[in-house]
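J.: To start, I am sharing the structure in question, which I have written as structure tokens.
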Amino acid sequence: MLIIRAAQIADNAHKGQVRKYNNRPYITHPIRVAGRVATHPKATEEMVAAAFLHDVIEDCGSDWAEAIRCAFPSKTYEIVRELTNVKTPGLNRAEQKQKDRDKLAAVSEEAKIIKLIDRIDNLLEMDVKNPFTAVYAGESSLLLDVLKDADADLAAELSDLIYIRSMIVNSST
């Protein structure tokens with residue numbers, strides 16, 4: 001029931017949102033991430049629920065934080081909170097991404113596993129012809145340094161994907 005409730009809340013929260021990479025309904029991303037998390041050897045119900053909810057607070061507003069805190073076990077809420085980037089006014093993109101990396105360096109193994117899967121899914125969905133893909137791949141490479149200890153296989157997959165995306169983008173410019 002926990003996972004179903006998380007899927008329903010994520011679907012409701014992301015209602016009307018589309019992915020900037022392809023204009024598909026946003027909910028397709030958390031569905032894929034949660035599905036992949038569910039197959040991970042260390043998966044728990046709380047991790048799968050958090051995977052569904054991982055972008056809700058960040059992308060749908062802080063009002064959802066209280067809803068998630070009240071509707072889910074504290075472990076689920078804590079993982080979602082760990083995965084939520086807090087925007088700091090006045091920071092440029094590089095400074096904000098450094099702040100996000102610093103935060104993610106100290107989160108739980110569960111959150112790091114979800115973040116690795118999240119980055120993999122995002123890179124797979126991005127159009128390699130879009131110049132932002134190279135920026136995102138570079139940021140993912142830096143992020144990999146603080147996530148790789150959580151799962152060597154996912155880290156290797158993300159590393160390979162970063163390399164492939166970077167090669168394709170560089171060869172098309």
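The values are calculated or read from the model by the stated rules, or taken from the named source; none is laboratory data. Because the structure is predicted, anything quoted here is derived from the model rather than measured. Here the Cβ positions follow ideal geometry from the backbone for every residue, glycine too, while neighbour counts run over all protein chains shown. With ligands, DNA and RNA removed, areas are computed over all heavy atoms of the protein, side chains included. Shrake-Rupley method; radii C 1.70, N 1.55, O 1.52, S 1.80 Å.
J.: Just to be sure before I move on: is VAL107 part of a loop (DSSP other than H, G, I, E, B), open to solvent by 50 Å² or more (accessible area, probe 1.4 Å) and touching a residue at least 12 places away in the same chain (Cβ under 8 Å) in the structure I sent?
T.: On the way: part of a loop (DSSP other than H, G, I, E, B): yes; open to solvent by 50 Å² or more (accessible area, probe 1.4 Å): no; touching a residue at least 12 places away in the same chain (Cβ under 8 Å): yes.
So VAL107 does not fit the description; no.
J.: Still on this structure, please answer the following. I'm trying to understand the selection: among the residues of the range 1-15, which are of a type in the set (A, V, I, L, M, F, W, C) and surrounded by 15 or more Cβ atoms within 10 Å (Cβ to Cβ)?
T.: Step one: of the range 1-15, the residues of a type in the set (A, V, I, L, M, F, W, C) are 1-4, 6-7, 9-10, 13.
Matches in the range 1-15: LEU2, ILE3, ALA6, ALA7, ILE9, ALA10, ALA13.
J.: Looking at LEU91, LEU158 in this structure, which one is in contact with a Leu (Cβ under 7 Å, 6 or more places away or on another chain) and over 22 Å from VAL18 (Cβ atoms)?
T.: Only one candidate qualifies: LEU158.
J.: What are the pairs with Cβ atoms under 6 angstrom where one residue, in the range 70-95, is free of Cβ contacts under 8 Å to residues at least 12 places away in the same chain and within 21 Å of ALA6 (Cβ to Cβ) and the other, located anywhere, is of a type in the set (Gly, Ala, Ser) and surrounded by fewer than 17 Cβ atoms within 10 Å (Cβ to Cβ)? Sequence gap at least six, or different chains.
T.: none
J.: Here's another thing I want to ask about it. For residues that are within 12 Å of TYR21 (Cα to Cα) and open to solvent by less than 40 Å² (accessible area, probe 1.4 Å), scanning just the range 110-129, find the one that is modelled with the lowest pLDDT. Outline the logic, then answer.
T.: Step one: filter the range 110-129 for residues within 12 Å of TYR21 (Cα to Cα), giving 121-129.
Among the residues that remain, those that are also open to solvent by less than 40 Å² (accessible area, probe 1.4 Å) are: 121-123, 125-126, 128.
Numbers: ASP121: 97, ASN122: 96, LEU123: 95, GLU125: 93, MET126: 91, VAL128: 84.
Applying the filter and picking the extreme gives VAL128.
J.: Looking at the range 45-59, can you tell me whether even one residue there is within 16 Å of the chain's Cα centre (by Cα), closer than 26 Å to VAL18 by Cβ and surrounded by fewer than 18 Cβ atoms within 10 Å (Cβ to Cβ)?
T.: yes
J.: For the range 122-156, which positions are among the charged types (D, E, K, R), without any contact (Cβ under 8 Å) to a residue 40 or more places away in the chain and assigned to a helix (DSSP H, G or I)?
T.: Selection gives ASP153 alone.
J.: Of all the residues that make up the range 130-161, how many are open to solvent by 20 Å² or more (accessible area, probe 1.4 Å) and of a type in the set (Phe, Trp, Tyr)?
T.: 1
J.: What tally of residues in the range 94-121 results from selecting those that are more than 17 Å from PRO41 (Cα to Cα) and of a type in the set (D, E, K, R)? Walk me through how you get there before you give the answer.
T.: Step one: list which residues in the range 94-121 are more than 17 Å from PRO41 (Cα to Cα), which gives 94-107, 119-121.
With of a type in the set (D, E, K, R) added as a condition, the list becomes 95, 97, 99-103, 119, 121.
Looking only at that region, the number is 9.
J.: Give me the residue from the range 64-92 that is part of a loop (DSSP other than H, G, I, E, B) and open to solvent by less than 50 Å² (accessible area, probe 1.4 Å) and, out of that set, nearest to ILE113 (Cα to Cα).
T.: Residues of the range 64-92 part of a loop (DSSP other than H, G, I, E, B): 72-73, 84-92.
Checking which are open to solvent by less than 50 Å² (accessible area, probe 1.4 Å) leaves us with 72, 84-85, 88.
On the way: PHE72: 20, THR84: 14, ASN85: 16, THR88: 25 Å.
The qualifying residue nearest to ILE113 (Cα to Cα) is THR84.
J.: Could you please give the count of residues in the range 16-42 that are in contact with a strand residue (DSSP E or B) (Cβ under 9 Å, 6 or more places away or on another chain) and surrounded by fewer than 12 Cβ atoms within 10 Å (Cβ to Cβ)? Steps first, answer last, please.
T.: Quick first cut of the range 16-42, residues in contact with a strand residue (DSSP E or B) (Cβ under 9 Å, 6 or more places away or on another chain) only: 16-19, 24-26.
Checking which are surrounded by fewer than 12 Cβ atoms within 10 Å (Cβ to Cβ) leaves us with 16, 24.
The number of residues fulfilling the criteria is 2.
J.: A further question follows. I'd like to verify a number: residues in the range 19-46 that are farther than 12 Å from ASP118 by Cβ and modelled with pLDDT of 95 or more, how many?
T.: Within the range 19-46, the first condition is being farther than 12 Å from ASP118 by Cβ, and the residues that meet it are 19-28, 31, 35, 38-46.
Narrowing further to those that are modelled with pLDDT of 95 or more: 25-28, 31, 35, 38-46.
Residues that pass the stated criteria total 15.
J.: Also: Since TYR26 meets every condition but one in (1) under 19 Å from SER108 (Cα atoms); (2) in contact with a Lys or Arg (Cβ under 8 Å, 6 or more places away or on another chain); (3) of a type outside the set (Lys, Arg), which condition does it not meet?
T.: (1)
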